[in-house]
Every structure is written in C-alpha cells, then in structure tokens.
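The values are calculated or read from the model by the stated rules, or taken from the named source; none is laboratory data. For clarity, every value in this text was computed on a predicted model and none was experimentally measured. Note that each Cβ is placed from the backbone with ideal geometry, even for glycine, and that neighbours are counted across all protein chains shown.
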Amino acid sequence: MSEKYCYTIGDEGQESLGLLEKCFNEQTEYFINKHGLSAGMRVLDIGCGLGYMTQKLARIVGEAGKVVAIDGSEKQINAAIKRTPGELKNIIEYKVHDIYELETLDQKFDLVYCRFVLHHLHKPRLALKKIAAALKPSGLYIGIEGIMNYAYSYPEHPAWLPPSFPFEVVEGEDRNGNIGKVLPALIQQAGMDCLEASIFQPLLIDKETRALLLQNHLDDKAQQIESGYATESEWQAQYDNLKACIEDTDTLIAFYAGNFTASRKVSP
C-alpha cells in the first residue's frame, strides 16, 4: 500500500494495537451485529491488522460465508495468519493488498468493514469510492473512524490535551485525524446512503488500559523522531509526562472518539 502506517507493525506492534482492540472491539461487535452481519455473508475486512476483528467476523459468517482480509503490510498479514485458529482458516482469506486497488480483487461483497484506516490515507474520498464499487447492490459498509480532537483529561493534564488538528485537510496532500467528523458526508459523496452515525468515546478507567496508552506512545517513538516531530530528549520528556498522567488515578483520561457509521450502497 502506498500509504505509510505510523506505528510498529507485525508481531512487535501488538501491544499498541491492543489499546484499540480493548477500547473499541465490544462496541464494534454490537454495531456490526445490529446492522445485519449474518451467516453466509461474503465480507471484506480492510486494514485487518493482526486479525482480531477478522476472526470475530469469520465466526459469525461461518463456513457458508467468507472473509477476505486485506492489509498493506506483509508483516501484519503474516502476524494475523499466525494468530488465526485452525477452524477459521478455511473461512478467512488473507491478502496483502492496496485499498486503492480493490477492483483487482475481482469480487463483490455483502459487507465491507473498515475501522481506523481512512485517517491514515491521503485520499480517503477515493478509498470510499473504491469501497462502494466493491459492494454488491444494496451492500453494507461499516466504517469507523476517529475524531482525535475529542481527547481530553480532567483535571486537565499537559500530557493529554486535545490535539489541534484542522477540521479539513487538502485531499491528496495530508491526512485527516478528525475524519470521523465528516465521514457521513463523505459516504454520501461516494454513492452510499448513511443509515446511522453515532459517536463513541472510551474513557480509560482501569490500570491495564491506561498502561496501553503509554505503550502506544512507545510504538510511535521511531516515527516521531524520524519525521522530525520530536528529538530524542523531547520525546523522552513527553513520555515521562504521559507516564505521570497515567499513574495519577485522580486524572480522568478520555481517549479519541470514534464515529460508527453504517451505510448502504445506492442501487443504480
């Protein structure tokens, strides 16, 4: 895939990805089931990562269905295959594949599932058009994307303040960390009807989940330094401040919000 993922990937990145799994998997399962995922469906999982949700999708569609799980990273795909239990291997087909080239899969799907992928892309509108084209007539798209500016701490802690990312970015030139804010509108532009959009925001209450936030910062270290966003000493100061925030049990930490959307392809 031409886009670059900013965190450690493969076996080494599982701790950081575990934060998203812990915060969003339960709500994701509820939302997908609510909108009709059922046995026998053919599903496309875009940006499958380590395959946690892929396995859940496969258990629901069963042996009469199929899950095609794609990711732009061969390391991620190999790690997902390694984690897949034997009884699901005939249901799931893993592929290293580009979201901008879904037509080369030469398949149509009852449901396309894509979570926290579009904010990594420079051309999310193009990706949504590709998703719409990959759906069968009246097929479903379950899209979940972040709103990073919704993050906060209380009492306000300097290590966890709302980011000041712009509301809109130039298509093709930048990435939009708040794309969840505008996702329903982009869905309509791509030729799908948005059936539901609802914002869900996890609060990091328990010690284990808060610790994963610190691991997330660790996994981002190389990218931050290589990209020039922080020097080694600046990154270390950020780490120390975040650690103090996480260990202060009197400080409430609200994670990034996610906009959960369900859409249906408009029949010609």
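Is at least one residue of segment 46-64 assigned to a helix (DSSP H, G or I), aromatic (Phe, Trp, Tyr), out of contact with any Cys (no Cβ under 7 Å at 6 or more places or on another chain) and at pLDDT below 95? Yes, the conditions are met somewhere in segment 46-64. Got a sec? Which strands (runs of 3 or more DSSP E) wholly within segment 157-268 have at least 3 residues that are within 18 Å of the chain's Cα centre (by Cα)? Output list reads 192-200, 257-265.
Quick one: in segment 241-268, which of the residues that are of a type in the set (Val, Ile, Thr) and closer than 23 Å to Lys181 by Cβ is surrounded by the fewest Cβ atoms within 10 Å (Cβ to Cβ)?
So the residue we want is Val266.
Scanning segment 219-268 for residues that are aliphatic (A, V, I, L, M) and either out of contact with any helix residue (DSSP H, G or I) (no Cβ under 9 Å at 6 or more places or on another chain) or at pLDDT below 95 (or both) turns up Ala222, Ile225, Ala230, Ala237, Ala244, Leu252, Val266. Just to verify a result, which residue in segment 96-109, among those that are loosely packed, with under 14 Cβ neighbours inside 10 Å and outside any loop (DSSP other than H, G, I, E, B), is nearest to the chain's Cα centre (by Cα)? Checking each candidate, the answer is Glu101.
Against the numbered list (1) in contact (Cβ under 8 Å) with a residue 40 or more places away in the chain; (2) of a type in the set (A, V, I, L, M); (3) in contact with a strand residue (DSSP E or B) (Cβ under 9 Å, 6 or more places away or on another chain); (4) buried (at least 20 other Cβ atoms within 10 Å of the Cβ), Ala127 comes up short only at (1). Hey, could you check segment 63-79 for residues that are under 19 Å from Leu111 (Cβ atoms), surrounded by 14 or more Cβ atoms within 10 Å (Cβ to Cβ) and not charged (D, E, K, R) and say which is farthest from the chain's Cα centre (by Cα)? The extreme case among them is Gly65.
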